[in-house]
1. About the Cα centre of the stretch B:49-174, how large is the charge dipole given +1 on each Lys and Arg Cβ and -1 on each Asp and Glu Cβ? Please answer in debye to the nearest 20.
2. Say a label goes 7 Å from Cα toward Cβ at C:THR73 in every copy; what distances in nm does this one have to the rest, shortest first?
3. So for the pair A:VAL79, B:PHE147, with labels modelled 7 Å out along Cα→Cβ, what separation do we get in nm?
4. Please list, ordered by chain and number, the residues whose modelled amide H lies under 5 Å from the amide H of D:ALA36; skip anything fewer than 5 residues away on the same chain.
5. Tally Lys/Arg at +1 and Asp/Glu at -1 over every other residue whose Cβ is under 10 Å from the Cβ of D:LEU245; what's the total?
6. Evaluate peptide A:78-88: per residue, the Cβ atoms of other protein chains within 10 Å of its Cβ; return the mean as an integer.
7. What residues from the stretch D:178-202 fall in the zone where the backbone N is under 14 Å from a label point 7 Å along the Cα-to-C-beta line of D:ALA248?
8. For D:ARG52, which sequence-distant residues (separation of 5 or more, or a different chain) have an amide H within less than 5 Å of its own amide H, given hydrogens modelled in the peptide plane?
4 protein chains.
Amino acid sequence: MFSTPMQKEGSLAQSLEDACYELAIANRMVAHEGVADAFGHVSMRHPHDPGRYLLSRSRAPELVEPADIFEFTLDSAPVVPPNVRLYGERVIHGEIYKARPDVHAVCHHHSPAFMPYCVSGEEVIPVYHLGAVMGAKAPFWDQRDDFGDTNLLVIKPEEGASLAKALGPHWIVVMRRHGATVAGRNLHELVFRTIYSCRNVEYLTQAKLLGTPSPLNVREIEGAADYNLAPGPIGRAWEYWLMRLGKAGEVPPQAVKPAKTTRGRSFAKRAKSRGAKKVGTRRR
Amino acid sequence: MFSTPMQKEGSLAQSLEDACYELAIANRMVAHEGVADAFGHVSMRHPHDPGRYLLSRSRAPELVEPADIFEFTLDSAPVVPPNVRLYGERVIHGEIYKARPDVHAVCHHHSPAFMPYCVSGEEVIPVYHLGAVMGAKAPFWDQRDDFGDTNLLVIKPEEGASLAKALGPHWIVVMRRHGATVAGRNLHELVFRTIYSCRNVEYLTQAKLLGTPSPLNVREIEGAADYNLAPGPIGRAWEYWLMRLGKAGEVPPQAVKPAKTTRGRSFAKRAKSRGAKKVGTRRR
Amino acid sequence: MFSTPMQKEGSLAQSLEDACYELAIANRMVAHEGVADAFGHVSMRHPHDPGRYLLSRSRAPELVEPADIFEFTLDSAPVVPPNVRLYGERVIHGEIYKARPDVHAVCHHHSPAFMPYCVSGEEVIPVYHLGAVMGAKAPFWDQRDDFGDTNLLVIKPEEGASLAKALGPHWIVVMRRHGATVAGRNLHELVFRTIYSCRNVEYLTQAKLLGTPSPLNVREIEGAADYNLAPGPIGRAWEYWLMRLGKAGEVPPQAVKPAKTTRGRSFAKRAKSRGAKKVGTRRR
Amino acid sequence: MFSTPMQKEGSLAQSLEDACYELAIANRMVAHEGVADAFGHVSMRHPHDPGRYLLSRSRAPELVEPADIFEFTLDSAPVVPPNVRLYGERVIHGEIYKARPDVHAVCHHHSPAFMPYCVSGEEVIPVYHLGAVMGAKAPFWDQRDDFGDTNLLVIKPEEGASLAKALGPHWIVVMRRHGATVAGRNLHELVFRTIYSCRNVEYLTQAKLLGTPSPLNVREIEGAADYNLAPGPIGRAWEYWLMRLGKAGEVPPQAVKPAKTTRGRSFAKRAKSRGAKKVGTRRR
């Protein structure tokens, strides 16, 4: 299995450089798994300073490089004025970090899975064990309640604060006619919740076409979320998404070397030995 | 971010060769993003002569090379008689350029997103902030109204003129049993509107299966379209689609060199340094 | 555009080797475009002997090589007994070639597009201009009418003959709980009809979820089919599918060299010249 | 066609090393064909000891290497204590092997095809000839019946036993709010049933949106399953999925050398000969 400094007790163990590297990977993961396209972004709280967060300059998440990542105050001002364009919707991140000290990573997206719910106002509910990681409730935020007619973006600090208030103690907030925002206690948990809440919603949509699905009950949600948010399942999924990025050429090969195994021979080794030739001759 | 002569004030700054190059890329983009297949085409008004437009010879848009592009008068006659087959439906482009001096780029397509609306006659409406770029209304053109039973193509000048009249001051016209035609004030805006109107319609279809979605209101549409059609969002999406073309080998690598960043190290540089080895050893 | 001996007047111009080569490509095309998976097959009538047809040995169509193709009599017996396994459902091809002298190519498939119609018994109708190439009617064949309960396969000559009778003068027959069989006057037309009838059915399904679509009328079907089955549109689509096979490594590069164009520079040439560097420096 | 020791009479002919190699490939196949993602697993009974089974350490199935595979007793204890994390849900496999001596391979998955049925409780039925391989009935297991509220996982031996009891003499069991588990008499049959039952369910879902599909009748199911589970169809599909893994770089090239054919020239050979140049010059 795959261990990173982030998963260790105490985030101080993670250097800023490593954090930027991981965050770039997380951005590419959610894009590569179909959650984000040209838009959407993943941030994380600064590993050494809870009063700051890390976020890319304005760029499609699939393209984010470690060097694209800048530091921001919780008021979403860049710590060092950059000479590049920044995301307009930074306050989504900053205001959630302000309101929720337990949150260390945030993803905002307009995924095809969630958009039909953003548009129709139908409720998003957890319907299977991996979907339980979204939590029991995903509040629906309608910007009109606080601001009347807007351009539907979240750019002003008060807009971000209103969204953070709607999120409350939950993990996902569905944004009317816009998208969704997801929170996590760390970056790996965030990516896991982001991707599996999308899968949950895809199955929910299909199930609604076939019948009338009900949510998991509270005990099921708590039990399944506890199990799936442990290091084992999260690490297994992270390794999988990382290998897929690697195969697609989206991260350097060094980042995705397979873990060493304890016995036997790998595909690669077998290919070099006589065993490989045996396989070749299996065919008539 | 990515700047092209087209985005500069005054199109005279763009050479004809650059325009053909950009137009070939735009054709490949809409194909690569699932809007066009063997059919469909993107044109642009001639950068130096508003009385002409540029369009490929008859070829699937994913295959268009700069050298495939020819000049046409607004009557859709080739300026120099070519010895290759031309698109039959050129008048779609020519007649819209005639009727709409503000339009500098046109895309005709039969995307899977729009076809169910072309077939069912259900109304296409903007339902989320990026979908607002389609504008408040997408008129429905039924060829039978002017011409009775036809082969459903748009080949005669009067057919193109009828379509342009149906488009009116709007940006998208839905064509009964055929497809859609999209207009833009420049090529980048056109590609953005073409792709995000498809996304909008996909979410609309899903939302209709879940509930009864209503359109954004006029102030939301205007606000969100103004925001998203600014150079920032359009440039960010263009860079994303261009990089995707590059990764797929659809444009030469020179076209998609990543923009220079201001600090830190890129994935590529890290891979060459000791830092890369550190990443490799992170795994147990 | 792309010309093959098959498109010339008189099939005698095409060598048997060329025919096998084209047929292998056609098998790979329908697989690569999502019509066939491990099952399904494309055949063609022998270019020199209308009493024979060409079909691969038993193999997934995406894997068919020219060397896999064998000759069969119209009774679906191999002309030379092969030492490899053959398709069990060869009679689908042989019996249609017997009943329909105008048919020179046949595709049998279980595409995801058609299967919901095979299962539900809902009628397949043409709903857009490219879908018109399926013709006005696709009869539904229910094997039980002639044979009672069966294993749903088409293996006995009388089963093939029953299917061919159901096809009658039409171009597509939908097979209850099984798939579809498509006929063409030549191989390129067949591939075009096979792929675009699938697209038509996908749009029909979506349109049925949104409203109550009706078919094109007879004059529209005839007009649009005439237009789209001409060499121009068919050649353009064939070039597109062939290039896609080439990019995916499914056919040798020699098969997909781009056609020469008449003026200007291609992407490849531009990349070698100073022009390419200019593109690289367009970015800030 | 492709022959493996597993298909021979008597599994003793297959070495343990070959079994691990095949099992790793089977895991990658179901992942590559869209059945599994980061989760899901395929096991097989030990080829020499029916009281043991083989299963990977905890890892996404697409990443499983032969060296990842360990031996387990039917109580799902590792024969040699490993120093790596194991799947939590091993008892799914062990308890089915205990209850069903005829079963030699098991796949547990949460495929997008089945999940809407796991969520809605709608019945999964076979609706086309290849879908017949799922058998006439796929029981629905609701964990609450035996255990009340749980975390929805199957971790305790009694949970696995309850699932195995629900499976009974059938081949697939649908698990409420969780996924599905599939059994096979050998590994190739298992993979075939797993993938084609997913296809069957996808078509069933679409057919339910169009009309009211009924299942195949018992004679159709038996006839079609007998035909499709014979070595011919299973071997043809296995070769196809293996070649697809090979093209995607998921198995070493040695594993997917094409079978020798009996006559004519392959694409590769033609490309080296003058024939290839002829193809190149076909284009104008």
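Any read-out appearing in this document is the output of simple, stated calculations on the displayed coordinates, not a laboratory observation. A quick note: this is a predicted structure, and the numbers were derived from the prediction, not measured. For neighbour counting, all protein chains shown are included, and Cβ atoms are generated from backbone atoms with ideal geometry for every residue, glycine included.
1. With only Lys, Arg, Asp and Glu charged at Cβ, the dipole is about 180 debye.
2. 6.4, 6.4, 9.1
3. Simple spin-label model gives 6.3 nm for this pair.
4. Correct list: D:ALA31.
5. Summing Lys and Arg as +1 and Asp and Glu as -1 gives 0.
6. Average per residue, whole number: 2.
7. D:195
8. Under 5 Å from the amide H of D:ARG52 lie the amide H atoms of D:HIS46, each far enough along the sequence or on another chain.
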